[in-house]
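Derivation of every value follows stated rules applied to the coordinates shown; laboratory data play no part. Only a predicted model underlies this, so the values are computations on that prediction, with no experimental measurement involved. FYI the Cβ positions are ideal-geometry reconstructions off the backbone, even for glycines, and counts take in every protein chain you see.
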Amino acid sequence: MNTDYHNIDKILDKYFEGSTGLEEEALLRDYFASGQIDARHQVYKDLFRYFKQAQQINNPQNITIPQTKSKSRRYYFAASVALLIGLGLVWLLQQNQNNNNLITNKATHIQVSNPNPEKKKEAQKELKKFTRNVSQGLDKTGTLSLFGQTTQKVFNLKNSKK
C-alpha cells in the first residue's frame, strides 16, 4: 500500500476532531489493517485494532426496549378534547347570538297597523319586550341543549373505551 504519511496525519487530526467522513475513516481502517504503519502512527494501531474487533462482536440476546405508556399523552388528549369542546361552545354561542340579533332586528322592523299613534307605540314597545324575552329564552335553551349534547358525547366516549 503506497501511503502518503502526511495525508494520514491530516486525516488522523480530523478523525480526533470528529470531522472525518466515511471515506476517510475507511482509509484509516485500511491503513492500520495493512501492517505498513509508520513508526509515529504505531500508538494508534491498538486503538483501530480494538475498533475492528468491537465491530465483529455480536450480542447473542435480543435487546428489547420496554414501552411505557405515557401519562402525558393522555393529558394532551384530554386537553385537546377540552379545547375542541370549548371552541365549539364559543362558536355555537356566537351563532346563537347572531341569530338572536337577527330575530331582534326583524322584530323591530315589524309594522304595527293601528291608526291610533299611542296604541301603535304601545304595541311596538310590547313587541320589542316580547322579542327580547324570546331571545333570552332561546339563549338559555340553546346553551342547555348544547350542554346536553356535549355531555352525551363525552359519556359515549368513556363508555366506548371500556
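Label positions at LYS14 and GLU126, each projected 7 Å from the Cα along the C-beta direction, are separated by 9.7 nm.
Under a Cβ-Cβ cut-off of 15 Å, what is the net charge of the residues other than LEU28 that fall near it, where Lys and Arg count +1 and Asp and Glu count -1? Write down the numbers at each step before the final one.
Working: positive: LYS10, LYS14, ARG29, ARG40, LYS45, ARG49, LYS52; negative: ASP4, ASP9, ASP13, GLU17, GLU23, GLU24, GLU25, ASP30, ASP38, ASP46.
Taking every Cβ under 15 Å from that of LEU28, the sum is -3.
Using C-alpha positions alone, give me the convex hull volume of the range 5-56 per residue in cubic angstrom. Display every interim value, and only then the final one.
Details: hull volume 4.1 nm³, N = 52.
Taking only Cα atoms, the range 5-56 has a hull volume of 79 Å³ per residue.
Note on ARG73 and SER34: the model spin-label points, each 7 Å out from Cα along the C-beta direction, lie 5.2 nm apart.
Run the numbers for ALA54 and LEU22: contour at 0.36 nm per residue of separation, minus the present Cα-Cα distance, in nm. Spell out each step's value before the answer.
Values: separation 32, 0.36 × 32 = 11.52 nm, distance 1.76 nm.
Stretched out fully, the ALA54 to LEU22 stretch lengthens by 9.8 nm.
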